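The values are calculated or read from the model by the stated rules, or taken from the named source; none is laboratory data. Please read all numbers here as calculations on a predicted model, not as lab measurements. Backbone-built Cβ (ideal geometry, glycine too); neighbour counts: all protein chains shown. Only protein heavy atoms, including side chains, enter the accessible area calculation; ligands, DNA and RNA are left aside. Shrake-Rupley method; radii C 1.70, N 1.55, O 1.52, S 1.80 Å.
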Amino acid sequence: MTKPIRMGMAAAIVSGGILLSRLLGLLRESLIAGMIGLNAEADLYRHAFAIPDFLSYLLAGAYLTITLIPILSRHIEKGDVEATNRAFTSVFRFVAFGIVGLTTVMWIFAPQFVELVFQARPEDHLRLTSLTRIALPAQIFLVLGSVLMAAQYAQKHFVIPAIAPVIYNLGIIGGGLIGFAVGEATPEAFLWGAVVGSSIGNFGLQWFGARRSGVRLVPVAGRTAVGEYLILALPLMLGQSVAVLDEQFINWFGQVETGAAAGLFYARRLTMVPIGVIAQAAGVAAYPFLARLAASGAREELNATTESAAKNTVFVSAVATALLVVLAGPLVSLIYGYGEFATGEDNVSVVAGLLVIYAFSIPAWGLHQIIARHFYARRRMWVPVVVGTISTIVAIPTWLILYNTMGVQGFALASTLTMTGYALALLLAWGGDAGWDGVRRIAPSFARGLVAAGIAAVATVPLVNAMGGSGAPGPLAALGIAAVGAATTLGVFLLVARILKAPELDALTARIRSRRA
């Protein structure tokens, strides 16, 4: 069994893995955009994941690691290896039977589900049914892989789980390239790649990682951890947060226009790079430590760790917002401006406009990732679920109203507004749980970050536009513009943060120096 690592190193490992995964994800999206384009075929590829993803929601798949880690942490904290293995085995077995059974049902009744969910363009239902059936098996590997990764996170082992999305993306890229080599790159080729990538990276490799961390499948008789798992997971199964359903909203509402779903997904994928590297990495790395603190009853340390992580995450997220606002045009040209995508005259400006709107949601994602995990660590699952469900109910009319007002850009704005509202509501709930002094200290971090980001963006956008960044520059020109724009934005942000005497900047600088030492 390898030696557990500290929280700072855990964040670095998770962040590095997510960064590599998201860069590969951009390469994947670039290939899809270049080989398929911004059209009905690209929409069908996106829609093919909608019904399989619903399987994950039925088993709280997006929250499997969140649900299982507190259960395992309680036994690990006591040093009870046997109880840890029994809890893992019982939950793994329950989830395995559930996901295989549900996948079988969904595969058989795929035509009916497609007709129910996708009422637009009935002529595409037969094709979409076929694509959905290809994508369905991947959910088995993704869901079971989440259980295996939870076992490793609980032991504070992060390296092998960080590799899973890398292999998954490589599988999709490989599938598309093989399809192109043997004839034509189609949605089918990319989907088969997703199945292969998930089977290797999310299941096979994670099985090895779980065993390497000391977790084993053992005989289980009598009382199991399934009851405890269901008590924790039930709120997550019954209620769904806007953070989980945000991507599905694109599938549901994106049917209104041909290419709308694809355009929203292209912009959202770019936004998810900094969200993954900053927000998701911070949340994933912090959660096992928060769960251990909660299990040991160290309430004050738990609140202090949550506050520190939230302040730093929100502050750094503001940098990412400024960068995406400034570099939206050059980045879209650099990542997507090839092949079929480039044949559309306005495709770059359309996706860049969506990207600018999505960029303002990044600090909210960062705040949500930390605060929600505080409640999960304390086994108070109902708090983020109730807040998230209310946010989802509000989100549905918001998406419709803003689309009628602004068109497809209204969908991106609705996503940003509802995510921000959800994160702020969670922060208020945390204040009621941990004390309002923490909220009063986090709020200035949020404000300082946004002020520095706003000044950096306003100062740099004219420079980028003067260099041709507002149009559709070629790849080399886009790369040069992006480099100059990024350096200028970052420089202005740091200067303003220093003028504001931001303690978050001092804390991050001290951490970097100590790591170098």
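Points to keep in mind about this one:
- Of all residues in the range 338-368 being modelled with pLDDT under 90 and either among the aromatic types (Phe, Trp, Tyr) or touching a Cys at 6+ places or on another chain (Cβ under 6 Å) (or both), the one that is farthest from ALA412 (Cα to Cα): TYR338
- Condition broken by MET406, with the remaining ones in (1) among the aliphatic types (A, V, I, L, M); (2) without any contact (Cβ under 8 Å) to a residue 12 or more places away in the chain; (3) under 21 Å from ALA286 (Cα atoms) satisfied: (3)
- Of all residues in the range 152-163 being in contact (Cβ under 8 Å) with a residue 60 or more places away in the chain and assigned to a helix (DSSP H, G or I), the one that is most open to solvent (accessible area, probe 1.4 Å): VAL159
- If you go through the range 286-304 and keep only what is open to solvent by 10 Å² or more (accessible area, probe 1.4 Å), part of a helix (DSSP H, G or I) and not hydrophobic (A, V, I, L, M, F, W, C), you end up with ARG292, SER296, ARG299, GLU300, GLU301, ASN303.
- Qualifying residue in the range 412-427 (condition: more than 30 Å from ALA342 (Cα to Cα), under 23 Å from the mean Cα position of the chain (by Cα) and modelled with pLDDT under 90): no
- A single entry from ALA352, ALA364 fulfils the requirement of being in a helix (DSSP H, G or I), under 28 Å from LEU290 (Cα atoms) and touching a residue at least 24 places away in the same chain (Cβ under 8 Å): ALA364.
- Residue in the range 412-429 that is crowded, with 17+ Cβ neighbours inside 10 Å, aromatic (Phe, Trp, Tyr) and in contact with a Leu (Cβ under 9 Å, 6 or more places away or on another chain) present: no
- Comparison of ARG448, ARG441 shows that the only residue that is surrounded by fewer than 18 Cβ atoms within 10 Å (Cβ to Cβ) and in contact (Cβ under 8 Å) with a residue 60 or more places away in the chain is ARG441.
- When each of MET149, MET106 is tested for being assigned to a helix (DSSP H, G or I) and closer than 16 Å to GLY201 by Cβ, the lone residue that passes is MET149.
- Pair list, Cβ under 9 Å, 6 or more apart: the range 324-348 residue under 24 Å from ILE275 (Cα atoms), other residue basic (Lys, Arg): ILE335/ARG269
- If you go through the range 313-336 and keep only what is of a type outside the set (Gly, Ala, Ser) and open to solvent by less than 20 Å² (accessible area, probe 1.4 Å), you end up with THR313, VAL314, PHE315, THR321, LEU324, VAL326, LEU327, PRO330, VAL332, TYR336.
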